[in-house]
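Report on the following structure.
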Amino acid sequence: MQENMHPKYVKTTITCACGNVIETRSTKENIRVEICSKCHPFFTGKQKLVDTSGRVDMFKKRYGLQDK
């Protein structure tokens with residue numbers, strides 16, 4: 001069996017953009033994420049609108065499409 005094959009497993013903190021900090025262990029130190037379980041719409045039940053500019057409506061208007 002080869003020696004020193006596995007990476008180091010160290011204590012780390014995961015920091016979300018919303019400010020939530022999670023202490024865990026990983027092969028990387030100080031991980032930054034944009035979204036976590038505290039702010040993700042699936043876990044919070046709050047829906048965030050991604051299509052705020054109405055891209056579908058703009059497409060239909062541009063190409064003269066109508067709802068049938």
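Values quoted throughout were computed directly from the atomic coordinates according to the rules given, and no laboratory measurement underlies them. As the structure is a computational prediction, the values presented were derived from the model and not from experiment. Backbone-built Cβ (ideal geometry, glycine too); neighbour counts: all protein chains shown.
What distance in nm separates the two pseudo spin-label positions at VAL33 and VAL10, each 7 Å out from Cα along the beta-carbon direction?
2.0
Taking H placed 1.01 Å from N in the peptide plane, check which residues at least 5 places from THR12 or on another chain put their amide H under 5 Å from its amide H.
The answer is THR24, ARG25, SER26.
Using 7 Å Cα-to-Cβ label points, what is the THR24/PHE59 separation (nm, one decimal)?
About 3.4 nm, to one decimal.
Diagonalise the Cα gyration tensor of segment 10-49 and give the resulting equivalent ellipsoid semi-axes, square root of 5 times each eigenvalue, largest first, whole Å. Please report the intermediate quantities before stating the final value.
On the way: eigenvalues 110, 15, 10 Å².
Each semi-axis is √(5λ); the values are 23, 9, 7 Å.
Please give the net charge around PRO7, taking every other residue with its beta carbon less than 13 angstrom from that of PRO7, where Lys and Arg add +1 and Asp and Glu add -1. Don't jump to the answer; show the numbers that get you there.
Details: positive: LYS8, ARG25, LYS28; negative: GLU29.
Taking every other residue near PRO7 into account, the sum is +2.
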